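I have placed the structure first, in the form of structure tokens, so that the comments after it can refer back to it.
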Amino acid sequence: MGNRFEIVGKIVKPKKDNEYYRIVKGANGTTTLLNFSVKSNNNVINLSLMGYLADNKKDRTIMAYKKATKKGAKGEKITFLYDEKNKYLPQLAEFSKTVFSDNGDKSEFCHNKDFIDFLHEKIENDFFEGLTVRIRGNVEYSTYINKKNEEVQGTKYIPTRINVIYDEDVKEMAESNITMYIDDDCVIESEDEGCMTLHGKIEQYSSKVKRKVLFDEYIEFEFEGEKAKLTLDTIKKRLNLDSEDREEGKFNEIGIKADIIRGSEHIKITEDMLSAEDKLNLELGLMTMEEIEKEKGGGKGEFKQYNKFKGLMKGYSTGAKITDISEEDYIVEMVDVNEAFGVEEVVKETEEVELEEIDDDDVPF
């Protein structure tokens, strides 16, 4: 259940280098982090990358997959040392690499540390100024403890492909493909006609507990016009929650295309909202409506952060799929940690978690 995203927009250079590029030294290795933003229409979306390298060169291993030898088959899984990456890189499958493309020139990487340093140099040298890029990657979920000592869920957009676009007619967009489980309580009704919220569960592997766990996801539905209610009712039927083939307590699986909304809603200023002085300036041609709007705050409303329904993914156009999976499948009995992983692995895992789970409040975007 790997969720993906695609963004077309412009990379925004942060004001200070130490606000988005960080090197964190741990007990046995170093983690390099890169957090940068992409502006797409009225949205500003934060992207993040993390690369960990052990101090001991013998522990700097990379696990990846080789190119498949037969169509439809999966390539061989291999492990090699970081210092031998150039030898193995040409052999790797595309999904085992991160790629940067610019007008036919391609740079490939098999470790995030190298991808981070490459992008950091480009951003620092103002390479992306005025350029439009298409970014594809993975949506990852995690939990962390915030400054209020509360455990909260976070969503990270991890780029794997960045392509510079020189087509002036390309339209900016920010979209994610979300596959999630839904149950009888998934629909959250709204007082507004044509609107509802869909609550689902995302399956993802957790390095903390070394197994697949469930994370919450929400999709907002906002239909307008004469057919708003009919459209919403049709979507509800496509969830197949009343299917005769569905067992009680089991999940259905649905795939949704959603617009990524991360920004302030644009409120258009009309003449009836202007002061007498504004109207006079407009009448005399001393100011344009755009200039007045900018002076009054750019027409910005409340900051919003959510996923807005755009359509159903391929394979789900006729409705959600029936599964034999339930939430109980993800509940396991707690076992002794030392017995489960071994003392040495617990220590190593703890170090990695501490480096990875950085409070979003510390990221200045």
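The values are calculated or read from the model by the stated rules, or taken from the named source; none is laboratory data. Quantities reported herein were computed from a predicted structural model and do not represent experimental measurements. All Cβ positions, glycine included, derive from the backbone under ideal geometry; neighbour counts span all protein chains shown. Surface areas here come from the heavy atoms of the whole protein model, side chains and all, with no ligands, DNA or RNA. Shrake-Rupley method; radii C 1.70, N 1.55, O 1.52, S 1.80 Å.
Would you confirm whether or not region 122-140 contains a residue that is touching a residue at least 24 places away in the same chain (Cβ under 8 Å), open to solvent by 50 Å² or more (accessible area, probe 1.4 Å), over 30 Å from residue 171 (Cβ atoms) and not in a strand (DSSP E or B)? No, every residue in region 122-140 fails to be touching a residue at least 24 places away in the same chain (Cβ under 8 Å), open to solvent by 50 Å² or more (accessible area, probe 1.4 Å), over 30 Å from residue 171 (Cβ atoms) and not in a strand (DSSP E or B). Can you confirm whether residue 339 is outside any loop (DSSP other than H, G, I, E, B) and either at pLDDT 90 or above or surrounded by fewer than 10 Cβ atoms within 10 Å (Cβ to Cβ) (or both)? The answer is yes for residue 339.
Within region 1-22, track down each residue that is hydrophobic (A, V, I, L, M, F, W, C) and assigned to a strand (DSSP E or B). 5, 7, 8, 11, 12, listed by residue number. The number of residues in region 92-121 that are of a type in the set (A, V, I, L, M), assigned to a strand (DSSP E or B) and touching a residue at least 60 places away in the same chain (Cβ under 8 Å) comes to 1. All but one of (1) aliphatic (A, V, I, L, M); (2) over 23 Å from the mean Cα position of the chain (by Cα); (3) modelled with pLDDT of 70 or more hold for residue 258; which doesn't? Among (1) aliphatic (A, V, I, L, M); (2) over 23 Å from the mean Cα position of the chain (by Cα); (3) modelled with pLDDT of 70 or more, the lone unmet condition for residue 258 is (2). Screening residue 64 on (1) surrounded by fewer than 18 Cβ atoms within 10 Å (Cβ to Cβ); (2) touching a strand residue (DSSP E or B) at 6+ places or on another chain (Cβ under 8 Å); (3) not basic (Lys, Arg) shows it passes everything except condition (1). Criterion first (part of a strand (DSSP E or B) and of a type outside the set (A, V, I, L, M, F, W, C)) does residue 171 satisfy it? Criteria not met by residue 171. Just one of (1) touching a Lys or Arg at 6+ places or on another chain (Cβ under 8 Å); (2) free of Cβ contacts under 8 Å to residues at least 24 places away in the same chain; (3) hydroxyl-bearing (Ser, Thr, Tyr); (4) more than 23 Å from residue 137 (Cα to Cα) fails for residue 205. It is (4).
Note on region 186-298: enclosed helices (runs of 4 or more DSSP H) holding 1 or more residues that are on the phi < 0 side of the Ramachandran plot, in contact with a strand residue (DSSP E or B) (Cβ under 9 Å, 6 or more places away or on another chain) and open to solvent by less than 40 Å² (accessible area, probe 1.4 Å) are 228-238.
Conditions tested, residue by residue: (1) outside any strand (DSSP E or B); (2) closer than 26 Å to residue 255 by Cα; (3) of a type in the set (Asp, Glu); (4) under 27 Å from the mean Cα position of the chain (by Cα).
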| position | (1), (2), (3), (4) |
| --- | --- |
| 24 | no, no, no, yes |
| 35 | no, no, no, yes |
| 47 | no, yes, no, yes |
| 62 | no, no, no, yes |
| 75 | yes, no, no, yes |
